[in-house]
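Here's the structure we're looking at; comments come further down.
What follows is calculated from the coordinates using simple rules that are stated; it is not laboratory data. Just so it is clear, the model here is predicted, and its values are computed rather than measured. Cβ: placed from backbone, ideal geometry, glycine included. Neighbour counts: every protein chain shown.
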Amino acid sequence: MYEKERAKADVLIEAIPYIRKFAGTTVVVKYGGSAMVDEKLKKSVIKDIALLKYIGLKPVVVHGGGKEITALLDRLGKETQFVDGLRVTDAETAGVAEMVLSGSIGKSLVENLESVGVEACGINGKDGHTLQAKKKVDEKGRDLGFVGEIEKVDIHLIETLLEAGYVPVISPVGVDSYSQTYNINADYAASAIAGALNAQKLVFLTDVEGILRDKDDPSTIIRRMSAQEAIDMIADGTIKGGMIPKVECCLDALRKGVRTVHVLDGRLPHSMLLEIFTADGIGTMVTPEVRNAK
């Protein structure tokens, strides 16, 4: 009798030290993958972000939208081309990307957060010159069009919103000194923003369980790893393929001062809360040191 209620109470009690530890700190959430498309998962993530806010953390949301951009380009009859995972972006594609990211997705996320009582404000990197970018050229020297890489993050506008009690919802669109717009990879944008804010945590919501020793076997998930272990696993081929850029973003964030980075399965409802507020967690936590505290 009352077993279910006791279990709920145990979870709440387990969360107390983590709530005390992280209250007042900044958590950057890179929102992407299935959790942006599936309505049930979307509601779960929105509630998680709301709870972070309600218990005293300062969440900042950075979102992607590649699938939605591709879908609109398809409807417009424009072919999408990728080079090593990066979208080749001409002027028309850059305009479509900004419209989808800042207009459609960003505003929808703000609306969803406000529907659960959280004040939110959508911006993109052009607002306040938050994401100052330059043209990105890939390792082989190929021109990708209006794809940018971040040179500097000006956190003034973000901090102003946080101090006013808002959750900033940031679209990964940057601008250079000539007011040229650039499309920026959302993972790299989240990493740069988290570092500039000296965030306690950066959370990547993905469509995988976490970082795996064997990408085809979810049971090989690595719960905790240091930055050096991640570097070694890239070098020896354990981490490979599409996971390499994600892990490189984790390492970049740690180098910029983020305390811990988490790679989570956004397909699992409330994975963010399970990771942050329980002892065992649910995904992979990457830390600067081998035995860094949660």
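Which ones in the stretch 158-212 are charged (D, E, K, R) and over 19 Å from THR260 (Cβ atoms)?
The answer is GLU159, GLU163, ASP176, ASP207.
Please go through the stretch 1-26 and pick out each residue that is more than 22 Å from GLU159 (Cα to Cα), hydroxyl-bearing (Ser, Thr, Tyr) and part of a loop (DSSP other than H, G, I, E, B).
Within the stretch 1-26, TYR2 is the sole residue that qualifies.
Quick one: which of SER179, SER171, SER191 is surrounded by fewer than 19 Cβ atoms within 10 Å (Cβ to Cβ) and hydroxyl-bearing (Ser, Thr, Tyr)?
SER179
Name the single residue, out of those in the stretch 19-53 being of a type in the set (Ser, Thr, Tyr) and in contact with a His (Cβ under 9 Å, 6 or more places away or on another chain), that is surrounded by the fewest Cβ atoms within 10 Å (Cβ to Cβ).
Selected residue: SER44.
Can you find, within the stretch 27-56, the residue that is nearest to ALA190 (Cα to Cα) among those that are assigned to a strand (DSSP E or B) and not hydrophobic (A, V, I, L, M, F, W, C)?
This residue is LYS30.
Answer yes or no as to whether VAL147 is among the hydrophobic types (A, V, I, L, M, F, W, C), closer than 21 Å to GLY64 by Cα and out of contact with any strand residue (DSSP E or B) (no Cβ under 6 Å at 6 or more places or on another chain).
no
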